[in-house]
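Okay, structure first, notes after.
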Amino acid sequence: MPEVIFGKGSIDQAGDGCARLGAQRVLVVSDDGVQAAGWTERVMESCLSAGLSVSLFTGVSINPTSEEVEACAGQYIHDSCDAVVGVGGGSVLDVAKAAAILATNGGHIRDYEGIDHIHRPLPPLVMVTTTAGSGSDVSQFAIILDPERKKKMTIVSKSLVPDISIVDPAVLSTKSARLTASTGLDVLTHAIESYVSIASTPLTDVHAKSSIQLCAKYLRESVASADNQYAKEQMAIASLHAGLAFSNAILGAVHAIAHSIGGHYPFLHGDINAVMLPHVMKFNASAAPGRFKDIAHLLGENTDGLSSSEASDLAIAHVERLAVDIGAPLTLTGMGFKEESIPIISEISLEDACMITNPRMITADEVAALLYQAL
Ligand SMILES: [Fe+2]
């Protein structure tokens, strides 16, 4: 796990963090939206104040591609940088991490798809998250789109765990309600999938359970008011917990399917999760009945005297209600998904690393059935 610096104003410690890691010239990776909000400048100023020189890369899209990673790594090498600072949401942080792979390992980012294919150490990584969502600031994951194959690559390696993660709740207040809802449901999906993962452990359970409770208590409030700093802070903690849980327990079918859909459509990752989560929960419930009963309880449902199956139904209904309450998309077709994509999405999702830890074995036909249910 990285060193985590948490709290209002912690964004200004990015430069010191880089200096402590021995950096002299940092590549700051960000995007136009985060730059317009002023956070990129703030991080660059902290680097300059720490005596570092800075190179800035902002060419990151919402579903970042291998070309963006190559351009970012090319700038790192051209400008003789020796550390990478990501300032943004999951897309920015994933590009920062993936560019760091190429900076010291070379080759094409496709060479590192899957689990544990990085063999040389990465440059120092400092991540400043601007969303309570991706968990990329603490996880060993990076997700990058390969446009040629229309496939989101899941890259998993201990090397991708950042050295320092900076979580400043004040930064989250500039995020729109729409993005707060989408990234918040991504957090809840991370927590639920890691809790029912076949790779879960007592340690990941602690983080997953805390995250589920915090999402149930504070996601609605966090979406409802940009000024509710307490709710935003609690969702930032929920995101950290979920990131620590899934970094070690990995995820499941929701994310495998979401990555596959994301390779074909420019949807927000959290929106796809929001639609697929209840359907996958129904499919998985029989494989981990006690765990789904726990989830219902953690979400605040009264499960006294209920069977595991009855409690699972409550958990699923709770998740569906939450998505409605915060205005998340409820169907795939509502987002623009086309039914004819189902066969290819079903096949590709089986290849995703996240499918390995789903609690119930799943076939392409069963994935297709879930997609039809979610249309
Ligand atoms: Fe996610």
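For the reader, a short list of remarks on this structure follows.
- Within the range 56-79, the set of residues being touching a Ser or Thr at 6+ places or on another chain (Cβ under 9 Å) and small (G, A, S) comprises S61 only.
- Of all residues in the range 189-198, those that are more than 10 Å from the ligand (Cβ to nearest atom), in a helix (DSSP H, G or I) and not hydroxyl-bearing (S, T, Y) total 3.
- Residue match in the range 217-237 (condition: closer than 28 Å to I348 by Cα and buried (at least 24 other Cβ atoms within 10 Å of the Cβ)): no
- Breaking point among (1) over 22 Å from T174 (Cα atoms); (2) in contact with a Pro (Cβ under 9 Å, 6 or more places away or on another chain), for N63: (1)
- Filtered residues of the range 81-97 (kept if touching a Ser or Thr at 6+ places or on another chain (Cβ under 8 Å), of a type outside the set (V, I, T) and assigned to a helix (DSSP H, G or I)): G90, S91, L93, D94, K97
- Selection of first residues in the range 1-29 that are assigned by TED's automatic domain parsing to the domain that holds P162 and of a type in the set (S, T, Y) and of second residues that are surrounded by 17 or more Cβ atoms within 10 Å (Cβ to Cβ) and not in a helix (DSSP H, G or I), restricted to Cβ pairs under 8 Å at least 6 apart or on distinct chains, gives the following pairs, ordered by first then second residue: S10/I166; S10/V167; S10/D168.
Table: residues versus (1) among the small types (G, A, S); (2) surrounded by fewer than 20 Cβ atoms within 10 Å (Cβ to Cβ); (3) closer than 22 Å to G22 by Cα.
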residue: L125; (1), (2), (3): no, no, yes
residue: D137; (1), (2), (3): no, no, yes
residue: A142; (1), (2), (3): yes, no, no
residue: K151; (1), (2), (3): no, no, no
residue: V156; (1), (2), (3): no, no, no
residue: A170; (1), (2), (3): yes, yes, no
residue: H190; (1), (2), (3): no, no, no
residue: Y195; (1), (2), (3): no, no, no
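- Of all residue pairs spaced 6 or more apart or on separate chains, those with beta-carbon atoms under 7 Å, a first member in the range 199-224 that is assigned by TED's automatic domain parsing to the domain that holds L299 and a second member that is of a type in the set (D, E, K, R) and at pLDDT 95 or above are R220/D325.
The values are calculated or read from the model by the stated rules, or taken from the named source; none is laboratory data. If you're wondering where the values come from, they're calculated on a predicted model, not measured in any experiment. In this analysis, Cβ positions are derived from the backbone assuming ideal geometry, glycine residues included, and neighbour counts consider all displayed protein chains.
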